[in-house]
Amino acid sequence: MFNHKTKNNPVHMLIMDQINDVENCLIQFESFVRASSAPNVSFDTLNTLANGISDAEAVADISLRKMIDSLSGSSFLTATRQDLISIATGCDAVANKCESYAKMSVVQSFVFPGEYSEDLLNIISISREQFDVLRKSISLLFSDFGGLLKDHSILDEIRKYESQVDAIEESLYERIFKMDITLAEKMQMSDFADKIAELSDIIENLADKIQIMLVTRKA
């Protein structure tokens, strides 16, 4: 795949730019969830924050297209180009989810109870840490592919974060269904928790994609 160091490869730089743009969506989504639990938060405030996430997602889309376009002039084999596109579009899915979840919350006028949002913010924080490890592993594909091929324990770190999210999500479900609220409200809250936890699942799946790339290219 990468038979020499390609740290300054244009594709490497562009995919890292795209990842930074996706991370910005995660950061803004975290701010949105935090604002959603604030007392007396206004619809206009949440709508403005949701629109900001949409703008950030549009920037990430542009970065994705630039990275894909750069592959046409690269020396990578077809299979490698396909794998890199798959990883990049997987990262873009994180930005897409942040945008759609924020919009859904605004449309439903969903304001998060404080004790509920605390766990959601914890999940997002863990997902951001997990995404940062993913960023490092993607960069290693270019800067130290041989080293990553020999030792891909960094991918196991990504999976450990997902296990942490699963534990928080399970505990949150139990508490939600013990709350003194209607069943419809419980279903709404559990569904949103599931959607936020899905961000970590997407990141874990990307770690699996990278491992498959390594396995299929190991001599």
Notebook entry, point to check: Where the accessible area of the chain is counted over protein heavy atoms with a 1.4 Å probe, how much of it, in %, is carbon and sulfur?
Noted result: 52
Notebook entry, point to check: How large is the accessible surface per residue of region 36-103, computed with a 1.4 Å probe and reported in Å² as a whole number?
Noted result: 48
Item checked: Where region 147-219 is the region considered: accessible area per residue in Å², 1.4 Å probe -> 55
Note to self: Could you tell me the calculated FRET efficiency between residue 159 and residue 69, based on Cβ-Cβ distance and R0 = 41 angstrom, to the nearest 0.05?
What the structure shows: 0.80
Note to self: On a full-extension model of 0.36 nm per residue, what is the gain between residue 209 and residue 43, subtracting their alpha-carbon distance, rounded to one decimal in nm?
What the structure shows: 55.8 nm
Notebook entry, point to check: Near residue 178, which lysines are there with a Cα under 23 Å away, not counting those fewer than 8 places off in the same chain?
Noted result: 186, 195
Check: Ordered by residue, what ³J(HN,Hα) values in Hz, to whole numbers, does region 182-195 give under the Karplus form 6.51 cos²θ - 1.76 cosθ + 1.60, where θ = phi - 60° and Gly and Pro are x?
Finding: 5, 4, 4, 5, 4, 5, 5, 5, 5, 5, 5, 4, 4, 5
Check: Counting other Cβ atoms within 10 Å, which trypsin sites (Lys or Arg not before Pro) in region 167-219 have at most 15 and lie in a DSSP loop?
Finding: 178, 218
Check: Applying 1/(1 + (r/R0)^6) with R0 = 22 Å to the Cβ-Cβ distance of residue 150 and residue 16, what FRET efficiency is obtained, to the nearest 0.05?
Finding: 0.45
Next item on the list: Mind ranking 89-95, 101-107 by how tightly packed they are, going by the mean number of other C-beta atoms within 10 angstrom, highest first?
Entry: 89-95, 101-107
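The values are calculated or read from the model by the stated rules, or taken from the named source; none is laboratory data. Source: prediction; values computed, not measured. Glycine gets a Cβ as well: all are built from the backbone with ideal geometry, and neighbour counts include every protein chain shown. Ligands, DNA and RNA are stripped out before the accessible areas are found, and what is left, the full protein with its side chains, is counted by its heavy atoms. Shrake-Rupley method; radii C 1.70, N 1.55, O 1.52, S 1.80 Å.
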